[in-house]
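Q: Just passing along the structure, written as structure tokens.
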Amino acid sequence: MIYQRVALIGLGLIASSMAHAMRAGGLAGEIVGYARSAETRSIARDLFCDRVCDTAQEAVQGADLVVLCVPVGAMGALAAEIGPHLAPGATVTDVGSVKQAVIAAVAPHMPAGVHFIPGHPMAGTEYSGPRSGFATLFQNRWWLLTPVEGTDEGALARLRGLLEGMGANVDTMDAPHHDLVLAVVSHTPHLIAYTMVGVADDLRRVSNSEVIKYSATGFRDFTRIAASDPTMWRDVFLTNKDATLDILGRFTEELFALQRAIRLGDGDHLHAYFTRTRAIRRGIIEAGQDTSAPDFGRVPAKGL
């Protein structure tokens, strides 16, 4: 056991998966949860929480680890709400996809003696809600930590132990670098997917739904990404706009170059470009972050 009491604030995919993983590994003595929705609290009580509270303040009392699992835009208000009720020596972490904005919103509300260690699990599915979690979500996935200045090394090591106990690979980096990396590997790809699906929706209206009927190709995978939680992704783009706009500008330049090659019939340029990008895909597979199995090896989360 690494923590006596873990409080999960927000009870969706990540929180429920953490609860299942902690239970499977015997990593927490008690798992306490809170969510705004009474229905969500009821489901969590039945499926993965030892105790569910009606307020966030009550949930964090006596917890030696508090995990903020709410959209990035809600973290500042939540931190202000729970700050006075945190136990001395407790660790507070989060699972937000943006780190600079979270640090700016949460850190001012952390009392002296409480260890705030921002984090971000690089794992997920297009499903959300308390029924969507499963214990193996974090297996061989990266969990990035962005410790703030003066972070207690003991608290950091303890949190790392929990995350590794759930199967994650843990790495640390500074918050600005995290936000730039995520703009490349997650945020901009999501924005492109949302755009492609939006364009296809316009086309569908004049094509007798053929776009959906024949979507068992590349378009299907755009729709998987674009099915992600709208509130979470709205907040991501609003809070990591500088890095996302930077990468989106670079994407636009690349797209213009490909347009020019197609227009001019420059097959050599296209072949060389696609060969280089194919190698990146192979690198992802070799790193164990995806599988080369047919249909991308994807299976629905248990119970879905």
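The numbers here are math on the coordinates, done by the rules we state, and not lab data. Being a predicted model, the structure only gives us computed values, none of them experimental. Here Cβ is always computed from backbone atoms with ideal geometry, including for glycine, and neighbour counts include all displayed protein chains.
Q: Could you list ARG234, ARG158 so that the one with the fewest beta carbons within 10 Å of its beta carbon is first and the one with the most is last?
A: Final ranking by Cβ density, sparse to dense: ARG234, ARG158.
Q: Arranged by the count of other C-beta atoms within 10 angstrom, fewest first, what order do LEU180, LEU255, LEU8 take?
A: In order of increasing Cβ crowding within 10 Å: LEU255, LEU180, LEU8.
Q: Toward the positive end of the charge dipole of segment 59-168, about the Cα centre and with charges on Cβ (Lys, Arg +1; Asp, Glu -1), which of MET166, ALA79, ALA90 goes farthest?
A: The listed residue farthest towards the positive side: MET166.
Q: Using a 10 Å cut-off around each Cβ, can you sort GLU81, GLU253, GLU210 from fewest to most neighbouring Cβ atoms?
A: By the 10 Å Cβ count, ascending: GLU253, GLU210, GLU81.
Q: Relative to the present Cα-Cα distance, how much length would full extension add between VAL199 and ALA279 at 0.36 nm per residue of separation?
A: On the way: separation 80, 0.36 × 80 = 28.80 nm, distance 2.85 nm.
This chain segment gains 25.9 nm when fully extended.
Q: Also, quick follow-up: How much of the DSSP bridge set in segment 16-150 is antiparallel, in percent, rounded to the nearest 5?
A: Details: 3 of 11 bridges.
Bridges in segment 16-150 that DSSP calls antiparallel: roughly 25 percent.
Q: Can you compute log10 of I(q)/I(0) for segment 147-186 with the Debye formula, treating each Cα as one identical point scatterer, at q = 0.17, 0.19 Å⁻¹?
A: At q = 0.17, 0.19 Å⁻¹ the computed log10 ratios are -0.57, -0.69.
Q: ³J(HN,Hα) across segment 109-124 via Karplus (A = 6.51, B = -1.76, C = 1.60, θ = phi - 60°), whole Hz, x for Gly/Pro?
A: 9, 8, x, 4, x, 9, 9, 9, 10, x, x, 7, x, 8, 8, x
Q: Using the Cα centre of the chain as the reference point, and only Cβ charges (+1 on K/R, -1 on D/E), how large is the resulting charge dipole? Debye, rounded to the nearest 20.
A: 800 debye
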